[in-house]
Every structure is written in structure tokens, then in C-alpha cells.
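Q: Just passing along the structure, written as C-alpha cells.
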Amino acid sequence: KFLAPKKVVFLDRDGVINEKPKKADYVKNWQEFEFLPGAIEAVKNLNNREYDIYLITNQPGIARGIMTKNDLDLIHQKMQEELGKNGGKIKAIYSCLHGWDDGCECRKPKPGLLFQAAKENYLNLTEAIFIGDDERDIKAGELAGCKTILVGARKNLLKIVEQI
């Protein structure tokens with residue numbers, strides 16, 4: 001299964017799929033979640049081209065007591081529903097729920113969530129692409145052996161996907 005060819009894209013969430021909250025704040029409920037322009041279309045485009053998409057996201061708001069795991073699960077459920085209504089789907093979501101100083105292996109820039117996704121889904125990380133908006137995303141992708149692409153002000157997810 002591991003050696004079977006697969007087209008895989010890993011995406012960060014905040015700043016790639018949805019508006020990034022202000023520094024030291026978090027998307028705490030669905031009402032605060034706002035898709036970035038072109039993000040839904042980009043996910044649909046990837047799916048139409050037979051890419052499997054995995055979300056890799058740090059969510060320290062849970063460790064800080066600002067939100068609960070149930071809050072996060074509801075946000076992701078609603079996000080998947082909206083993507084589905086528009087022909088898109090994220091295959092699986094991997095979240096680090098630890099705080100900044102917990103020393104876990106899953107918090108980006110460490111590649112633990114990428115390794116977990118690869119193990120559970122028989123993915124060859126050297127054939128995968130990681131798209132993020134932060135140097136921590138790029139570092140995690142590089143440590144896992146992925147090709148990495150940084151989202152920027154002039155280069156949103158849709159523009160990147162159109163170039164893949």
C-alpha cells in the first residue's frame with residue numbers, strides 16, 4: 001500500500017483555508033471561521049485532479065482553555081460540510097492540541113502529524129506537497145521530506161493549486 005502512487009497535498013488551516021485570527025487569538029467557533037477567497041475552489045480543484053488532501057494544524061487554544069476539543073471538532077465538521085456542498089473534501093484532519101511549551105512531537109515545526117498521517121494512510125512523504133502560510137509549516141514539511149510551498153499575500157492557495 002505504501003508504494004502505490006498517490007497524489008497528496010497537506011494543507012495548514014489558519015491562513016491557508018480560512019482567515020488567520022489575530023496574534024494570540026484563535027478561531028473558537030464556526031461563526032469566527034471565514035474561508036479565504038479561492039480556498040473552496042482550490043480544494044475542489046485538487047479533488048477533481050485526484051489529490052488526497054490532509055489538514056495539518058496546530059490548535060493550542062485547547063491547551064490554553066480558550067476552546068474545547070468539541071468546539072474544534074464542530075468547526076471542522078462545518079468546514080467539511082461547506083467544502084462538500086461545493087464539491088470539495090479533506091480526507092483527514094490532524095490537529096496538535098498541545099500548548100506552545102508542551103514539548104510534544106506533533107506541534108509544527110516538528111513533523112509528527114505528517115508522520116502520523118503517512119503511517120495511517122500509507123503515504124510516501126517525499127512525493128507529497130505541504131502548503132502553509134508560516135515558516136513552521138515549511139520547516140515541518142521539510143523535516144518530513146515533503147515539497148513545501150508558502151502561501152503569501154500575492155500567492156493564495158488557489159493560485160498555488162493552479163500551478164501544481
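Q: For each cysteine in the chain, check whether another cysteine's C-beta sits under 4.7 Å from its C-beta; list those where none does.
A: CYS104, CYS146
Q: Heavy-atom accessible area of LEU97 with all protein chains present, probe 1.4 Å, nearest 10 Å²?
A: Accessible surface of LEU97 is approximately 50 Å².
Q: Sticking with the crude label model, points 7 Å out along Cα→Cβ, report the distance from GLU135 to GLN77 in nm, one decimal please.
A: About 3.9 nm, to one decimal.
Q: In deg cm²/dmol, rounded to 500, what helix-only [θ] at 222 nm does the chain give when every DSSP H run of at least 4 residues adds -39500 (n - 2.57) and the total is split over its residues?
A: -10000 deg cm²/dmol
Q: Then there is this: Would you mind pulling out the separation of the Cα centroids of segment 14-87 and segment 122-138, in Å?
A: If you average the Cα positions of each part, the centres end up 17 Å apart.
Q: Just to be sure I understand: with springs between alpha-carbon atoms less than 10 Å apart, which residue in CYS104, CYS146, CYS96 has the highest mean-square fluctuation in the Gaussian network model of the chain?
A: CYS104
Q: To the nearest 10 square angstrom, how much accessible area does ILE62 have with a 1.4 angstrom probe?
A: Taking all protein chains as shown, ILE62 has close to 40 Å².
Q: Please compute the alpha carbon radius of gyration of segment 1-104, then divide it by the globular-protein estimate 2.2 N^0.38 Å. Two decimals is fine.
A: Its radius of gyration relative to the 2.2 N^0.38 Å reference: 1.12.
Q: So for TRP30, TRP100, what's the accessible-area order with a 1.4 Å probe, most first?
A: From most accessible down to least: TRP100, TRP30.
Q: In straight Cα distance, which lysines are under 25 Å from LYS69, not counting same-chain residues fewer than 8 positions off?
A: Qualifying lysines at Cα under 25 Å: LYS20, LYS22, LYS23, LYS28, LYS78, LYS85, LYS89, LYS91, LYS108, LYS110, LYS119.
Q: What relative contact order, as a whole-number percentage, does the chain give when Cα pairs under 8 Å and 6 or more residues apart are counted?
A: Computed value for the chain: 28 percent relative contact order.
The values are calculated or read from the model by the stated rules, or taken from the named source; none is laboratory data. What you see is a predicted model; the values in this text were computed from it and never measured. Every residue, glycine as well, gets a Cβ built from its backbone with ideal geometry; the counts of neighbours run over all protein chains shown. Side chains included, ligands, DNA and RNA excluded: accessible areas come from the protein's heavy atoms. Shrake-Rupley method; radii C 1.70, N 1.55, O 1.52, S 1.80 Å.
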